[in-house]
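The values are calculated or read from the model by the stated rules, or taken from the named source; none is laboratory data. Keep in mind it's a predicted model, so treat the numbers as computed, not measured. When we count neighbours, we look across all protein chains shown, and the Cβ atoms used for this are built from the backbone with ideal geometry, even at glycine. Quick note on the areas: whole protein, heavy atoms, side chains included, nothing else; ligands and nucleic acids left out. Shrake-Rupley method; radii C 1.70, N 1.55, O 1.52, S 1.80 Å.
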Amino acid sequence: MTEQEAKTRIERLRTELHKHNHRYYVLSDPEISDFEYDLLMQELTSLENKFPKFYDSNSPSQRVGNDINKEFVQVQHNTPMLSLGNTYSFDDLRDFDKRIRKEITNPFEYVCELKFDGTAISLQYKKGKLVRGITRGDGTYGDDVTSNVKTIKSIPLTLIGGNYPEEFEMRGEIFMPRAGFEEMNNRRVKNGEAPFANPRNASSGTLKMQNSSEVAKRPLDCYLYAISGNDLPYNTHYENMMAAKKWGFKISEYIEKYDSIEGVFEYITKWDKKRKNLPFDIDGVVIKVNDFRLQERLGFTAKSPRWAISYKFKAEQALTRLVSISYQVGRTGSITPVANLEPVLLAGTTVKRASLHNADQIELLDVRIGDMVYVEKGGEIIPKIVGIDLSQRRAEARKVEFIDKCPACHTKLVRKEGEANHYCPNETGCPPQIKGKIEHFISRKAMNIDGLGEETIDLLFRNHLIEDPADLYELTREQLAGLERMGEKSAANIIQSIEDSKKVPFQKVLFALGIRYVGETVAKTLAKNFPSVEKLEAATLEELVEVDEVGERIAESVYQYFRNPVHQRLISRLKSYGLKMEMDEIPEASGKLNGLSFVISGSFKMHSRDELKALIEQNGGKNLSAVSSKTNYLLAGENIGPGKQKKAEKWGISIISEEDFIKMIH
Ligand code: IVH
C-alpha cells in the first residue's frame with residue numbers, strides 16, 4: 001500500500017466509523033453489527049500504527065484514552081458558565097412568568113427541557129472538530145478535560161452534515177445512566193472499592209480522573225442543552241438545538257415549546273410522573289425563553305439569567321412497611337441499625353433496606369415494627385426513613401428494643417457518655433470488626449493492595465489465614481492459590497501488591513491502622529507533627545491536643561490506641577515486615593527563594609504542579625493562587641490561563657519557564 005493509498009483508506013475509515021458511532025451512541029440505531037464495527041476499527045488502528053504521520057487526535061481510534069497522568073490545565077471560559085435560579089412551586093413559576101411579561105408584552109415561546117443530574121461541560125468546536133472540553137469549575141475558570149471528554153462516545157469528535165458555524169461552543173451535561181451506574185457500583189463493591197453515592201457524584205468524579213483510559217471504561221453519556229457563537233443558523237434556542245442534532249450532537253428528545261406558563265405546568269406534571277421510567281436521573285425541569293433577542297433584553301442577574309429558571313422536583317418518597325431491624329457491625333465496632341422493608345419502587349430502583357443511623361434516631365422517629373414508613377432517597381446510597389404514617393399504625397405495633405449484645409459475637413455492647421453510637425468492645429474477636437479492619441487497611445487510600453475483595457478476605461479469614469492486617473505479610477502464593485476460585489496468576493498479583501505496599505508512605509500507613517477518628521487528613525497532620533511511629537506513640541495527650549485540627553476526641557483516641565498491647569504488637573509486626581513507620585526525609589530548606597512569591601499556571605514537562613509547589617516551599621518561597629501586586633514570579637507552563645498572563649503583564653511581573661525556575665534553585 002502506498003502512502004497515498006493509506007491516507008485515502010484511513011480517511012474513509014474515519015468517516016465511516018464516525019458515522020457508525022453516531023448511529024449507535026446518539027441515535028441508538030446501528031446499521032452494522034458490533035463485530036463489523038470492530039473490524040473497521042482494527043483496520044484503522046493498524047493503518048494508523050503503520051503510518052504514524054497521519055495521526056489525528058480526533059480519529060475515532062482516539063476514544064480509548066491514554067494512561068498518562070496529567071494535571072488539568074485551568075482555562076478561562078469564553079463567557080462565564082452561570083447557574084440557574086431554582087423554583088419549587090407553580091406559584092414561584094407564575095412570578096417568574098409575570099416578571100418576564102412586565103418586560104415583554106408581545107407573545108413569545110418558552111422551551112421546556114429536562115434538568116439532567118450530572119456535571120456541566122463546555123465543548124468548543126472549530127471547523128467541525130472538537131478542540132476543547134472544559135468543566136464548569138468556578139464558572140469563570142474550569143479544568144481542561146478534553147482527553148476525558150473524548151472518551152465519551154456520544155460526543156462527536158468530528159461533526160457531520162454541513163452548515164455549522166466555523167467556531168462555536170456547546171454546553172451540556174455529562175451524566176451516567178442508572179443501569180451503567182449500578183453495574184459499575186456493584187463491580188466496585190466486589191473489588192473492595194467504595195461505591196459512589198449517586199450517578200451525579202459518579203459522573204463528576206469520573207470526569208476529574210487524571211487517567212483517561214480509566215474514564216473510557218466508565219459508562220458516561222452527554223446531552224447538550226445550549227449553543228453559543230457567531231453565525232448561528234437561527235435566532236432561537238429550540239431551532240438551533242434541532243440544527244445541532246443534525247450535526248451529530250445528542251440533543252434531548254424530551255424538549256418542547258409552549259406559548260404560556262400553563263403549558264410549562266403540563267410539561268412539569270407529565271415529567272414528575274414519568275421521570276422514574278427514564279434511564280437516567282433528572283432533578284427537575286429547565287424553562288428557557290426561546291428567542292435569543294428576548295433573552296438579551298431580559299439579561300442576567302449577578303448569578304443567573306433572567307430568561308431561564310429551573311423547577312426542582314421534590315425528593316421522591318415511597319410508603320412501605322417496616323418488617324424488622326437488623327444491626328450491622330462496622331470496623332470500629334460501631335453498631336448501625338438498618339430497617340428491612342417490604343420491597344417498594346422508589347426513583348427507579350427497588351428499595352428493601354433503609355438506614356436508621358442510631359438508637360437516638362429510632363427514638364426520635366418513634367418508629368415501631370410493622371409501621372408504614374416514608375422512605376426517601378437523599379444524596380446517600382442507602383435511602384432513609386423520614387417519617388411514619390401514624391394513621392396506619394396497628395395496635396400490636398411493637399416499640400423497638402435496641403439490642404444490648406453484639407449480633408456477631410454476642411459481647412455486651414457499650415455506649416459512652418455523649419456518644420450516639422453503641423459499640424462492640426470485642427475488637428480482636430468479633431469477625432466483622434476483624435474483616436472490616438483488614439478491608440480498610442488494604443483500601444486504595446490506605447495501603448492500596450489490589451486484588452483482595454471483600455469475598456477473598458472473608459475466605460482467608462474463614463480459613464484462618466488472616467486474623468489481623470499484619471498476617472497479610474505472611475501469606476504465601478501457595479496458600480492463596482489453594483483457595484476456591486483463585487488462579488495462580490491472581491495469587492501472584494496479590495502477593496506482588498502486598499509486597500509493593502511496603503513502599504506506601506508513613507501517613508498512609510497511619511491511616512491504614514484504622515484508629516478511630518483518624519481519617520486521611522488527620523493522619524497526614526499527625527505524621528507531619530510526629531514524623532515516626534515512635535514519636536507518635538510517645539506523644540502525651542497535651543502534645544496531641546496542641547496540634548492544629550486535633551481536638552480532644554481525636555487526641556484521646558490516638559493516645560489510647562497506642563496504650564493497647566494488641567496494637568503495640570500489631571505495629572511492631574508491621575515494622576518487622578518493612579512497612580514505612582517514619583516520614584521520608586525532606587531535603588533541607590535552601591532559603592534560595594526566601595521572600596519571593598510564585599503563582600504556578602499551565603502544565604509542565606519535568607514536574608507536576610504539586611512537585612513545583614513543594615520545591616518552592618522547600619526553598620523558602622511562597623505559593624500564591626492568584627496573580628496580584630504581591631506576586632514576584634509567574635511560573636508558566638504550556639497553556640497557561642490567559643487571565644493570569646494578562647494580569648502578570650499588567651503588574652509587570654516576571655513570567656518564567658520551568659527551566660528558568662530550576663536554574664533559580666540550583
Ligand atoms: S441551561 C445559564 N439546561 O443545571 C445557565 N442547564 O443551574 C444555562 N442543567 O449545572 C443552563 N440540565 O449543567 C440548562 N437542560 C438544561 C440542563 C441544565 C441540567 C444543569 C447545568 C447547571 C445547572 C443550572
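Pairs linking a residue in the range 268-289 that is over 28 Å from K98 (Cβ atoms) to a residue that is within 8 Å of the ligand (Cβ to nearest atom) and at pLDDT below 95, with Cβ atoms under 7 Å and 6 or more positions apart or on different chains, are D281/D117.
With the condition kept exactly as written, say whether any residue in the range 340-350 is assigned to a loop (DSSP other than H, G, I, E, B), within 30 Å of K257 (Cα to Cα) and modelled with pLDDT under 90. Yes, the range 340-350 contains a residue that is assigned to a loop (DSSP other than H, G, I, E, B), within 30 Å of K257 (Cα to Cα) and modelled with pLDDT under 90.
Tell me, which residue of the range 157-169 that is away from the ligand (no atom under 16 Å from the Cβ) and farther than 23 Å from A216 by Cβ is surrounded by the most Cβ atoms within 10 Å (Cβ to Cβ)?
Of the range 157-169, the ones away from the ligand (no atom under 16 Å from the Cβ) are 157-167.
So of that shortlist, the ones also farther than 23 Å from A216 by Cβ come out as 161-167.
On the way: G161: 12, G162: 8, N163: 10, Y164: 23, P165: 19, E166: 11, E167: 14.
Only one residue fits best here, namely Y164.
Scanning the range 314-343 for residues that are closer than 30 Å to L93 by Cα and either open to solvent by less than 20 Å² (accessible area, probe 1.4 Å) or within 12 Å of the ligand (Cβ to nearest atom) (or both) turns up just one, A318. Evaluating V545 against the criteria (1) among the β-branched types (V, I, T); (2) surrounded by fewer than 13 Cβ atoms within 10 Å (Cβ to Cβ); (3) over 26 Å from E499 (Cβ atoms) leaves one unmet condition, (2). From the list I121, I100, the lone residue that is closer than 27 Å to K250 by Cα, open to solvent by less than 50 Å² (accessible area, probe 1.4 Å) and in contact with a helix residue (DSSP H, G or I) (Cβ under 9 Å, 6 or more places away or on another chain) is I121. Looking only at residues in the range 626-653 that are surrounded by 12 or more Cβ atoms within 10 Å (Cβ to Cβ) and of a type in the set (G, A, S), the one that is nearest to D143 (Cα to Cα) is G641.
Residue-by-condition table, conditions (1) part of a strand (DSSP E or B); (2) of a type outside the set (A, V, I, L, M):
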| site | (1), (2) |
| --- | --- |
| K352 | yes, yes |
| H357 | no, yes |
| D360 | no, yes |
| E363 | no, yes |
| V386 | yes, no |
| A395 | no, no |
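Put simply, of G578, G551, G591 the only residue that is open to solvent by less than 60 Å² (accessible area, probe 1.4 Å), touching a helix residue (DSSP H, G or I) at 6+ places or on another chain (Cβ under 8 Å) and modelled with pLDDT under 95 is G551.
If I ask for residues that are assigned to a strand (DSSP E or B) and open to solvent by 70 Å² or more (accessible area, probe 1.4 Å), which ones from the range 61-75 would you list?
Taking the range 61-75 first, the residues assigned to a strand (DSSP E or B) are 74-75.
Passing the criteria: only Q74.
List the helices (runs of 4 or more DSSP H) inside the range 440-503, counting only whole elements, that have at least 3 residues being in contact (Cβ under 8 Å) with a residue 60 or more places away in the chain.
Details: elements: 454-462, 477-481, 488-500.
Answer list for the range 440-503: 454-462.
When we screen I287, I309 for residues that are open to solvent by less than 10 Å² (accessible area, probe 1.4 Å), aliphatic (A, V, I, L, M) and within 15 Å of the ligand (Cβ to nearest atom), the only hit is I287. Checked against (1) open to solvent by 30 Å² or more (accessible area, probe 1.4 Å); (2) at pLDDT 90 or above; (3) more than 16 Å from the ligand (Cβ to nearest atom), N58 passes all but a single condition, namely (1).
What's the total number of residues in the range 101-137 that are in a loop (DSSP other than H, G, I, E, B) and within 13 Å of the ligand (Cβ to nearest atom)? Within the range 101-137, residues that are in a loop (DSSP other than H, G, I, E, B) and within 13 Å of the ligand (Cβ to nearest atom) number 4. For first residues located in the range 350-363 and under 9 Å from I385 (Cβ atoms), partners that are polar (S, T, N, Q) and outside any helix (DSSP H, G or I) and lie 6+ apart or on another chain with Cβ distances below 8 Å form the pairs S355/T336; L356/T336.
Within the range 291-307, residues that are over 16 Å from T87 (Cβ atoms) reach partners that are part of a strand (DSSP E or B) and within 13 Å of the ligand (Cβ to nearest atom) with beta carbons closer than 6 Å, at six or more positions or on different chains, in the pairs Q295/V289. At least 2 residues being within 16 Å of the ligand (Cβ to nearest atom), open to solvent by 40 Å² or more (accessible area, probe 1.4 Å) and within 30 Å of K127 (Cβ to Cβ) is the threshold, and among the helices (runs of 4 or more DSSP H) wholly inside the range 170-250 those reaching it are 237-246. Taken as a whole, the range 26-34 holds no residue that is surrounded by 15 or more Cβ atoms within 10 Å (Cβ to Cβ), under 22 Å from G133 (Cβ atoms) and out of contact with any Lys or Arg (no Cβ under 7 Å at 6 or more places or on another chain). Among the residues of the range 608-625, those that are open to solvent by 50 Å² or more (accessible area, probe 1.4 Å) and either within 26 Å of the chain's Cα centre (by Cα) or at pLDDT 90 or above (or both) comprise D610, E611, K613, K622, S625. Residue count for the range 1-25, restricted to those that are basic (K, R), open to solvent by 70 Å² or more (accessible area, probe 1.4 Å) and in contact (Cβ under 8 Å) with a residue 40 or more places away in the chain: 2.
Considering only residues that are in a loop (DSSP other than H, G, I, E, B) and of a type in the set (D, E), look in the range 251-267 and name the one that is farthest from the ligand (Cβ to nearest atom). Spell out how you get there, then give the answer.
Just the residues of the range 251-267 that are in a loop (DSSP other than H, G, I, E, B), to begin with: 252-255, 259-260.
Among the residues that remain, those that are also of a type in the set (D, E) are: 253, 259.
Working: E253: 13, D259: 19 Å.
Across the range 251-267, the extreme among qualifying residues is D259.
Criterion applied to D95, D144 was being touching a residue at least 12 places away in the same chain (Cβ under 8 Å) and away from the ligand (no atom under 13 Å from the Cβ), and the one residue passing it is D144.
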